[in-house]
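The values are calculated or read from the model by the stated rules, or taken from the named source; none is laboratory data. Just so it is clear, the model here is predicted, and its values are computed rather than measured. Heads up, the Cβs are rebuilt from the backbone with ideal geometry, glycines too, and the neighbour counts pull from every protein chain shown.
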Amino acid sequence: MFERIYASTWHHPVLFWAVGAPLLVYFLRKWSGQPGTPQWDFLRLFAVVFQIEILADAWLTSPWSLLPASSAVSVTFVILGDLRFFVLLERFSFPDRIHRWTASALVLSFIVPLASIPAQSFWSGRVLFLIYELAFLVLAAVIRFLVLPRRAIDSSIRSWLVRLTNFEMIQYATWAFADVIILLGADVGFLVRLIPNTMYYAAFVPFACFSAPEEIRS
């Protein structure tokens, strides 16, 4: 039963468009106008660009896609989805070094996809999903507990980036937990998977923007 719900177009893309399209309109209307600080202007641009990206993801990876189903399309959107987090992580760690944060964000977004390539020779489908999810969880944990505490950034910015990293860790851990349940043969795993899917498609961009410290949003 839950697998049918999960596979339904009411879940993907309808739910994510029903939430995401109004948010895009909000970002375009509410956050237009006079320029603010460079950090705030960047966050406003980030919200619009990546809200459009995630709406395109929800559409073009759904049964309603105009593109033929392929691993290339799926992998491209996975990298772009993870890139959202890495852009914020690196941009607000190195705000005055555009070449540094741009390059490092791109490199970080490719680590797990490239590290997962050898696994494709042995596994596919749900098992490969699980390997990717666990690998990203390890990367996020390294960032959370080893990298961020050592970065010379304001405490409020660090706390925000920790919250974003925690969000990513919860999302990927829940995906992994759901896939373990599915691989054990329990249909309820598809119900559990709705939680991280919603976090990924509908919640990350607004969470990132609305949880930003006041010094960025002012």
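Search the stretch 12-32 for residues that are without any contact (Cβ under 8 Å) to a residue 40 or more places away in the chain and pair each with any residue that is among the charged types (D, E, K, R) and assigned to a helix (DSSP H, G or I) when their beta-carbon atoms are under 7 Å apart and the residues are at least 6 apart or on different chains.
Trp31/Arg44
Which residue, of Ile195, Ile143, is assigned to a helix (DSSP H, G or I) and either more than 21 Å from Val87 (Cβ to Cβ) or among the polar types (S, T, N, Q) (or both)?
Just one listed residue meets the conditions, Ile195.
Within the stretch 151-183, work out how many residues are at pLDDT 95 or above and charged (D, E, K, R).
4
Specify the residue that is surrounded by the fewest Cβ atoms within 10 Å (Cβ to Cβ); the eligible residues are those in the stretch 156-192 that are assigned to a loop (DSSP other than H, G, I, E, B) and of a type in the set (A, V, I, L, M, F, W, C).
If we take residues in the stretch 156-192 being assigned to a loop (DSSP other than H, G, I, E, B) and of a type in the set (A, V, I, L, M, F, W, C), then Leu184 is surrounded by the fewest Cβ atoms within 10 Å (Cβ to Cβ).
Yes/no matrix, rows are residues, columns are (1) hydrophobic (A, V, I, L, M, F, W, C); (2) surrounded by 17 or more Cβ atoms within 10 Å (Cβ to Cβ):
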| position | (1), (2) |
| --- | --- |
| Ser71 | no, no |
| Phe85 | yes, yes |
| Phe94 | yes, yes |
| Arg97 | no, no |
| Leu106 | yes, no |
| Ser109 | no, yes |
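In the set Val142, Val127, Val107, which member is on the phi < 0 side of the Ramachandran plot, within 16 Å of the chain's Cα centre (by Cα) and hydrophobic (A, V, I, L, M, F, W, C)? Spell out the reasoning first.
Numbers: Val142 fails: within 16 Å of the chain's Cα centre (by Cα); Val127 fails: within 16 Å of the chain's Cα centre (by Cα).
Result of the check over Val142, Val127, Val107: Val107.
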